[in-house]
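Quick notes on the structure that follows.
All of the numbers you see were taken from the coordinates with simple rules; none came from a lab. Treat the numbers as computed from the prediction; the structure is a model and nothing was measured. Positions of Cβ are backbone-derived with ideal geometry, glycine not excepted, and every protein chain shown enters the neighbour counts.
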Amino acid sequence: MSCVPRTACALAIVLAICAPGAWPSVLAQNAGQTEGAAKVARLYETELIVRTVKNLRDHAEVISFLDMAARHGVALINLAVKQDEDDEVPSGAVFYASNLAPRAKGYQTFDALRDTIAEAHRRGIKVRAWVPQFHDQMAVRKNPVWQMHVYIDGHAVPFRGTKGGEYFVNPLNPDVQTYERSIVAEIVGNYDVDGIVLDWLRFDDYPMDAGPDTQARFKEAFGYDPGGIDFSTDNERRRQWNDWRSARIGDYVKSVRQAIDELKPGLPLGVYMLPPAFIEVGQDAARFSRSVSFLSPMAYFRDWGFPPGWVYRDVLPGTLLKANGTPVIPVFDTDWADADYREILPNVRRDFPSITRLSWFVYGEWTETILERIGMLRSW
């Protein structure tokens, strides 16, 4: 899962759409269902997002974790099969028996995916493979040409994150796309997963990718070099650039859907996405919502300095507008105060009865205490 720095432009959009009366069409659409839904106390189904490197290091931990999940009525886990962050192990290292990507340290002989699927299915729990895409240090090591570049003062330089030590590959590079898509196909072809969920389908801000291949393709399409765009202000050329990038990300998701269908037609495919207001990252769910089975917006309001109301006034209405009828499964983290949940969940239940499942993310280790807390929240 991931966070990005805010830009002034995107922040202004968020403040505008969080105003009273925002998103009337979506709320009105859901209101027609609310009266009937209120008569029945709905229990949200529970999904967990599991960072393998923090939770499942051997068979004994798999057994312990899944017994705990079963006790708390967990319906599905989204298991990291490929490292998301550059922390305990490099991003892009995998936790299964891959012939394409290097296995993470400590997992050379332990196939966490196969073991977890077998034990989860014995307990009636489904397993999706969580497959981060373009945040991938191991892919950069494999081919340095693939590294994402950023424009700084009109010059293209390798992007290392806002604090350094972070690795992205260029989402628009055809060879990068082939590599990342092949990992998804390898998992689908070799494992009895109940679905795939993609992550890190984005850039980090407007002035990227700035690599020579991207520059050439954009210039061929529009007749000018993107290096001359003023990325610091809202203007026609920046909007054209961002729309072009978003369309290419959408095309990539469609290609993943096609690759999966060639192996297991109809296998569920979802996407973890930043809230729609984060337009600077070039991730527009409207471009790919018809190619996926669900959209999971990350509703981490505290991470980005927003009040709890941002979740049900902005994140969910904005996602539903782009979903084209595709189910929405919001992602919550677990470090909020009870008062936050007591505000958010009743409003979600009232205004969005089509949402029946919640996904929960813990950066570190899942514990009984966290699962007990989630259990108390299910019927709020």
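Residues Val169, Val81, Val89, ranked from the fewest to the most other C-beta atoms within 10 Å, line up as Val89, Val81, Val169.
Of Lys54/Lys163; Lys105/Lys163; Lys82/Lys126; Lys163/Lys254; Lys54/Lys322; Lys82/Lys264, which ones are farther than 29 Å apart at the Cα? Kindly include the intermediate steps, with their values, before the conclusion.
Details: Lys54/Lys163 23 Å; Lys105/Lys163 25 Å; Lys82/Lys126 18 Å; Lys163/Lys254 32 Å; Lys54/Lys322 33 Å; Lys82/Lys264 21 Å.
The answer is Lys163/Lys254; Lys54/Lys322.
Here His72, His135 are placed in order of increasing Cβ neighbour count within 10 Å, fewest first, which gives His72, His135.
Computed 3J(HN,Hα) for segment 248-257, one whole-Hz value per residue from the Karplus formula 6.51 cos²θ - 1.76 cosθ + 1.60 where θ = phi - 60°, is 5, 4, x, 4, 5, 4, 4, 5, 5, 4, glycine and proline marked x.
What the Cβ-Cβ distance of Thr162 and Phe222 gives, at R0 = 25 Å and to the nearest 0.05, is a FRET efficiency of 0.35.
Which chymotrypsin sites (Phe, Trp or Tyr not before Pro) from segment 187-266 combine a DSSP loop assignment with at most 13 other Cβ atoms within 10 Å?
Of the chymotrypsin sites (Phe, Trp or Tyr not before Pro), the ones in loops of segment 187-266 whose Cβ has at most 13 other Cβ atoms within 10 Å are Tyr224.
By DSSP, what percent of the beta bridges with both residues in the chain are antiparallel, rounded to the nearest 5?
Working: 8 of 39 bridges.
Just about 20 percent of them are antiparallel.
Share of antiparallel DSSP beta bridges in segment 80-185, in percent to the nearest 5? Could you put the intermediate results ahead of the total?
Details: 7 of 9 bridges.
Percent antiparallel among DSSP bridges in segment 80-185 is about 80.
Across segment 359-370, coupling constants 3J(HN,Hα) worked out from phi with the 6.51/-1.76/1.60 Karplus curve, θ = phi - 60°, read 10, 10, 10, 10, 5, x, 9, 6, 9, 4, 4, 5 Hz, and Gly and Pro carry x.
On a full-extension model of 0.36 nm per residue, what is the gain between Asn190 and Gln108, subtracting their alpha-carbon distance, rounded to one decimal in nm?
Working: separation 82, 0.36 × 82 = 29.52 nm, distance 1.73 nm.
Length gained between Asn190 and Gln108: 27.8 nm.
With neighbour counts taken as other beta-carbon atoms within 10 Å, the residues Thr178, Thr356 rank, fewest first, as Thr178, Thr356.
The computed P(r) over Cα pairs in 10 Å bins from 0, in percent for the structure shown corresponds, within (i) 4, 15, 16, 14, 13, 11, 9, 6, 4, 3, 2, 1, 0, 0; (ii) 4, 15, 16, 13, 15, 15, 11, 7, 4, 2, 0, 0; (iii) 5, 23, 33, 26, 11, 2, to (iii).
Per-residue ellipticity at 222 nm, computed for the chain from helices alone with -39500 (n - 2.57) per DSSP H run of at least four residues, works out to -12000 deg cm²/dmol. About its Cα centre, how strong a charge dipole does segment 232-321 have in debye, to the nearest 20, once Lys and Arg get +1 and Asp and Glu get -1 at the Cβ? So the magnitude is around 100 debye. Seen through its C-alpha gyration tensor, with square-root eigenvalues sorted a ≥ b ≥ c, segment 232-380 comes out oblate because a/c lies at 1.5 or above while a/b is not bigger than b/c. For Thr356 and His59, the difference between the fully extended length at 0.36 nm per residue and the C-alpha to C-alpha distance is 103.7 nm. Close amide H partners of Val150, meaning residues 5 or more places away or on another chain with modelled amide H under 5 Å apart, are Val157, Phe159, Ala210.
The calculated FRET efficiency for Thr233 paired with Leu321, based on their beta-carbon distance and R0 = 25 Å, is about 0.45.
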